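The values are calculated or read from the model by the stated rules, or taken from the named source; none is laboratory data. Note that this is a predicted model, so its numbers are computed, not measured. Neighbour counts run over all protein chains shown; Cβ positions are idealised from the backbone, glycine included.
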């Protein structure tokens with residue numbers, strides 16, 4: 001079994017971290033994020049476009065009370081150039097990783113290192129809030145496809161971290177990995193990822209995936225050290241009002 005393509009992972013992202021609503025505006029898909037972050041608020045392009053189509057997409061996003069924001073994916077070179085010419089700036093380049101779940105599920109975490117919990121426990125909400133993952137993003141989790149779950153970590157008798165995972169067509173994607181600062185560099189993130197891999201296999205899945213901003217050196221290092229493979233990238237273009 002081969003790893004998923006970038007195009008397949010784009011679909012997994014949309015299913016496991018969905019917008020509140022989507023609509024079509026010419027060749028652009030408009031997402032209503034309701035405060036849930038860039039992934040659920042950015043427009044994407046599905047085919048050839050004209051300058052007028054970009055303007056229409058901008059108007060549609062502003063009608064939702066959102067700024068002009070586009071996600072630029074593989075094959076979107078023409079869009080990238082057109083947005084740059086309109087004054088859009090690159091923000092938050094992202095790397096997508098994937099691995100066979102069986103290759104990550106090689107060591108069962110200690111019992112309290114990654115406890116399955118859904119719906120979110122109060123301690124999970126507190127851990128996420130400490131990392132800037134607010135209620136609007138937790139609402140995204142509730143909208144996500146099933147199967148899905150959360151994990152909470154307790155390490156050295158203290159709360160340590162939390163994560164969320166959902167599966168689409170056999171591919172799980174881990175989101176909202178947050179480790180409390182005093183518990184970092186102790187392997188908590190590794191345990192959460194391994195536990196997500198076991199959950200994937202237990203629920204009939206075959207692949208574990210995750211996305212990470214390029215600036216998050218620690219997280220990128222973790223996913224690389226687990227043997228996960230880079231399968232694609234994307235970035236955003238934003239227009240400062």
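Here are some residues: 176, 162. Which one is part of a strand (DSSP E or B) and at positive phi? Exactly one of 176, 162 is part of a strand (DSSP E or B) and at positive phi, namely 176. Note on region 126-138: among residues that are more than 14 Å from the chain's Cα centre (by Cα) and either modelled with pLDDT under 95 or part of a helix (DSSP H, G or I) (or both), the one that is nearest to residue 21 (Cα to Cα) is 136. Considering only residues that are touching a strand residue (DSSP E or B) at 6+ places or on another chain (Cβ under 8 Å) and under 15 Å from residue 107 (Cβ atoms), look in region 212-241 and name the one that is surrounded by the most Cβ atoms within 10 Å (Cβ to Cβ). Here the answer is 226.
In region 191-211, of all residues being in contact with a helix residue (DSSP H, G or I) (Cβ under 9 Å, 6 or more places away or on another chain) and surrounded by fewer than 18 Cβ atoms within 10 Å (Cβ to Cβ), the one that is farthest from residue 115 (Cα to Cα) corresponds to 206.
I'd like to check something: does region 189-196 contain any residue that is in a loop (DSSP other than H, G, I, E, B) and in the same structural domain as residue 217 (by TED's automatic domain parsing)?
Residues of region 189-196 in a loop (DSSP other than H, G, I, E, B): none.
No: region 189-196 contains no residue that is in a loop (DSSP other than H, G, I, E, B) and in the same structural domain as residue 217 (by TED's automatic domain parsing).
Please report, ordered by residue number, the helices (runs of 4 or more DSSP H) entirely within region 1-94 with at least 3 residues that are free of Cβ contacts under 8 Å to residues at least 60 places away in the same chain and in contact with a strand residue (DSSP E or B) (Cβ under 6 Å, 6 or more places away or on another chain). I'd like the intermediate steps shown before the answer.
Details: elements: 6-16, 51-63, 77-85.
Correct list: 51-63.
The requirement of being at pLDDT below 95 and either surrounded by fewer than 19 Cβ atoms within 10 Å (Cβ to Cβ) or part of a strand (DSSP E or B) (or both) is satisfied by residue 111. For residue 1, the test of being outside the structural domain of residue 226 (by TED's automatic domain parsing) and modelled with pLDDT under 95 is passed.
Of all the residues in region 59-105, those that are surrounded by 14 or more Cβ atoms within 10 Å (Cβ to Cβ) and at positive phi number 1.
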